[in-house]
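Presented below is the structure to which this report refers.
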Amino acid sequence: MKLSIRGLTHTYDVDVINDLSLELSQYKSIALIGVSGSGKSTLLRIMSGLEQPTIGEVWIDDSPVSDPEYRKHVGFVFQHHNLFPHLTLKQNITLVLEKTRDMGKEEAEAMAVAQLTALRLEDQMDKLPKNVSGGQAQRASIARALSLDPNIIFLDEPTSSLDPILTYEVLTAVEELRDSGKQFIFVTHVMSFVRDFADYVIFMENGNIVEQGPVSIIETPTSQSLKEFMKKVR
Ligand code: ADP
Ligand code: MG
């Protein structure tokens, strides 16, 4: 994707994104890493168009992310699944397709089944979210995001509420999307996933990008902060 961040500042009580600028082309899978509170989620929400920055702008693939047309082509997977609790996994997807994509029932259903099957949920799709594991619910959230056929998928610590086995299942499912032609920008603390899946890494601290580069920077960090961070997360 082409990613262009231009003089981005975001302020709540204080600046949480601090005059960031960045130009990238060629990368398909970008990881944001850093300690809690460093501004990763805020930056991710701004890049996905979910939140408007206080100052500055972000362009992705030659479109300002504030453009509603851009918003139609992004998917977002949150820290905790946000499936509708009273709908089955399959209905969670068909409803969204019928409402936002004007699809007929049959087409929506076929798409839902295909996406859930791709995420290995073919035998779970008629269950309610509360009756599947956290990992399955999170995979269903990913299936729902994919069913809208986005160009880019944003994931914000999609496995933070999961145990190691479920984390592995979810991240393996995401890795299997590598050749799907989708692009990814994600936040995670799982460094094995960053190593396997990211082709570019951005390390944030206090709303600043302290270090960035190809994924190899996490093996040979140059800044003291990234060195310290990598000792803690490994
Ligand atoms: P990260 O995802 O790296 O943990 P966040 O982007 O969530 O960081 O938060 C960055 C800073 O902004 C933190 O200090 C956080 O407390 C603050 N913050 C995040 N969201 C809000 C909000 N809606 N209102 C006020 N402060 C916020
Ligand atoms: Mg966060």
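The values are calculated or read from the model by the stated rules, or taken from the named source; none is laboratory data. A quick note: this is a predicted structure, and the numbers were derived from the prediction, not measured. Here the Cβ is made from the backbone with ideal geometry for all residues, glycine too, and neighbour counts use every protein chain on show. When the accessible area is computed, the model is the full protein with side chains, heavy atoms only, and any ligands, DNA or RNA have been set aside. Shrake-Rupley method; radii C 1.70, N 1.55, O 1.52, S 1.80 Å.
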Failed item, numbered, when L50 is tested on (1) farther than 27 Å from R139 by Cβ; (2) of a type in the set (A, V, I, L, M, F, W, C); (3) within 13 Å of ligand 1 (Cβ to nearest atom); (4) open to solvent by 80 Å² or more (accessible area, probe 1.4 Å): (1)
Unique residue being of a type outside the set (S, T, Y) and either within 9 Å of ligand 2 (Cβ to nearest atom) or assigned to a strand (DSSP E or B) (or both) when the list is L50, L20, L43: L20
Every residue from segment 155-183 that is in contact with a strand residue (DSSP E or B) (Cβ under 6 Å, 6 or more places away or on another chain) and either open to solvent by 60 Å² or more (accessible area, probe 1.4 Å) or closer than 19 Å to G135 by Cβ (or both): L155, D156, E157, P158
Subset of segment 62-89 that is over 17 Å from L155 (Cβ atoms) and surrounded by 15 or more Cβ atoms within 10 Å (Cβ to Cβ) - its residue that is nearest to ligand 1 (Cβ to nearest atom): Y70
Residue list for segment 34-47, restricted to those being farther than 13 Å from I5 by Cβ and among the small types (G, A, S): G34, S36, G37, S38, S41
Number of the exception - K127 against (1) closer than 19 Å to T88 by Cβ; (2) outside any loop (DSSP other than H, G, I, E, B): (2)
Residues located in segment 90-100, provided they are open to solvent by 60 Å² or more (accessible area, probe 1.4 Å) and either touching a residue at least 24 places away in the same chain (Cβ under 8 Å) or outside the structural domain of Q115 (by TED's automatic domain parsing) (or both): T100
From G56, G7, residue being away from ligand 1 (no atom under 16 Å from the Cβ), part of a strand (DSSP E or B) and open to solvent by less than 50 Å² (accessible area, probe 1.4 Å): G7
Residue, farthest from ligand 1 (Cβ to nearest atom), within segment 133-168, restricted to residues that are among the aliphatic types (A, V, I, L, M) and farther than 18 Å from T94 by Cα: I165
First in segment 184-202 and surrounded by fewer than 18 Cβ atoms within 10 Å (Cβ to Cβ), second anywhere and hydroxyl-bearing (S, T, Y), Cβ under 6 Å, 6 or more apart: D199/Y27; D199/S29
Residue match in segment 20-39 (condition: open to solvent by 40 Å² or more (accessible area, probe 1.4 Å), within 28 Å of S133 (Cβ to Cβ) and at pLDDT 95 or above): yes
Count of segment 112-124 residues which are assigned to a helix (DSSP H, G or I), under 21 Å from L162 (Cα atoms) and open to solvent by less than 20 Å² (accessible area, probe 1.4 Å): 1
